[in-house]
Amino acid sequence: MASPGLDIRLKKVNKVYKEGETITGFVVVNSRGECHHQGITLNMEGSVSLQLSAKSVGLFEAFYNSLKPIQLLNYAIDIVKPGKLPSGKTEIPFEVPLKAKGNKVLYETYHGVFVNIQYLLKVDMKRSLLNKDLLKQCEFIVECKDKEAENAKAKVIPFSITPDTLQNVKEKTNVPKFKIKGKLDTACCCISRPFSGELVVESCEAPLKSIELQLVRVETCGCAEGYAKDATEIQNIQIADGDVCRGLEIPIHMVFPRLFTCPTLLTNNFKVEFEINIVIVFHDNHIVTENFPIKLTRF
């Protein structure tokens, strides 16, 4: 006989919860005949998993202790005692409060490269020795409601990019003469609103190929003995194509992707920060980059 089907259905379609709220839903069992089981358990887990990049592995022995997953919450409840379920569809309701474990703090859901913050509901149906246990898991999303966090502020940041402002350039004579001016509307951004600004190519000797806006995550893992810091690209958006008109205002507009960004997070064991790069690509594929650290907040 085919194994029963097991599923978790949350009442909230978007699966987004804040600390203190109650997660409600159903465990759904579909069975073609009577289903004997040794009990059904629901687990709610939340953890931060940290990973070292290939270049950092082996640098610090102390890392291996500080890189154990940090458990934020862990609850287990028995929702059905051992027995049998009737043929057909059975819906078992549940509700679990979303509260941190002990003195821990809940962080927002975030899927990064070296830092991952994830919250899961797992349902486990224990069965007799001859039958395989059934397991189903479902991710839900946590958003923080920390009103003490810094609110997004509209503080215009003007910028000017010329060969003289460039850093890490050995031969400045090889860089064509150019002047690009513009402004970012703020560097303390609300994560649910678009990042915006504008730029103008005032002059440029060489033809341009492209202007791009790059969103970068800077993840730091470590402890007092040392830190491993890695910057990786989240997304890259082209805001101008070809040799753009001089003096033309080019809008900067970018939506922060869900799950791959979270409010800027600074803790003892890890940090998640964000930066914006404005990337100028010349026709001969020379690339010039200007970097702007930004702070993300929920409010």
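Starting from residues that are in a loop (DSSP other than H, G, I, E, B) and at pLDDT 90 or above, keep the ones in the stretch 205-225 and report whichever is surrounded by the most Cβ atoms within 10 Å (Cβ to Cβ).
ALA206
Just the residues that are surrounded by 12 or more Cβ atoms within 10 Å (Cβ to Cβ) and farther than 19 Å from LEU42 by Cβ, please, taken from the stretch 107-132. Walk me through how you get there before you give the answer.
Here is the first cut: in the stretch 107-132, the ones surrounded by 12 or more Cβ atoms within 10 Å (Cβ to Cβ) are 107-127, 131.
Residues satisfying the conditions are TYR107, GLU108, THR109, TYR110, HIS111, GLY112, VAL113, PHE114, VAL115, ASN116, ILE117, ASN131.
Tell me whether the stretch 20-30 contains one or more residues that are more than 30 Å from ILE234 (Cα to Cα), open to solvent by less than 30 Å² (accessible area, probe 1.4 Å) and either at pLDDT below 90 or not aliphatic (A, V, I, L, M) (or both).
Yes, the conditions are met somewhere in the stretch 20-30.
If LEU265 passes every condition in (1) touching a Pro at 6+ places or on another chain (Cβ under 6 Å); (2) at pLDDT below 95 but one, which one does it miss?
(1)
Return the residue satisfying two criteria in turn: it lies in the stretch 226-249 and is on the phi < 0 side of the Ramachandran plot and either in contact (Cβ under 8 Å) with a residue 60 or more places away in the chain or of a type in the set (Phe, Trp, Tyr) (or both), and of such residues it is surrounded by the most Cβ atoms within 10 Å (Cβ to Cβ).
ALA228
Of all residues in the stretch 250-290, which are open to solvent by 70 Å² or more (accessible area, probe 1.4 Å) and in contact with an Asp or Glu (Cβ under 6 Å, 6 or more places away or on another chain)?
Within the stretch 250-290, PRO251 is the sole residue that qualifies.
Report yes if PHE260 is under 26 Å from the mean Cα position of the chain (by Cα) and in a loop (DSSP other than H, G, I, E, B), otherwise no. Before you say what the answer is, go through the steps one by one.
Working: under 26 Å from the mean Cα position of the chain (by Cα): yes; in a loop (DSSP other than H, G, I, E, B): yes.
Against the criterion (under 26 Å from the mean Cα position of the chain (by Cα) and in a loop (DSSP other than H, G, I, E, B)), PHE260 qualifies.
Here is a yes/no grid of residues against (1) acidic (Asp, Glu); (2) open to solvent by 60 Å² or more (accessible area, probe 1.4 Å); (3) at pLDDT 90 or above; (4) not in a strand (DSSP E or B):
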residue: GLU148; (1), (2), (3), (4): yes, yes, no, yes
residue: PRO158; (1), (2), (3), (4): no, yes, yes, no
residue: ASP164; (1), (2), (3), (4): yes, yes, no, yes
residue: THR173; (1), (2), (3), (4): no, yes, no, yes
residue: LYS179; (1), (2), (3), (4): no, yes, yes, no
residue: LYS183; (1), (2), (3), (4): no, yes, yes, no
residue: CYS189; (1), (2), (3), (4): no, no, yes, no
residue: ARG193; (1), (2), (3), (4): no, yes, yes, yes
residue: GLU202; (1), (2), (3), (4): yes, yes, yes, no
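The values are calculated or read from the model by the stated rules, or taken from the named source; none is laboratory data. Every value quoted in this text rests on a predicted model; they were computed, and no experiment measured them. Reconstructed Cβ throughout: ideal geometry from the backbone, glycine too, with neighbour counts over all protein chains shown. Heads up: the accessible areas ignore ligands, DNA and RNA and are worked out on the full protein's heavy atoms, side chains in. Shrake-Rupley method; radii C 1.70, N 1.55, O 1.52, S 1.80 Å.
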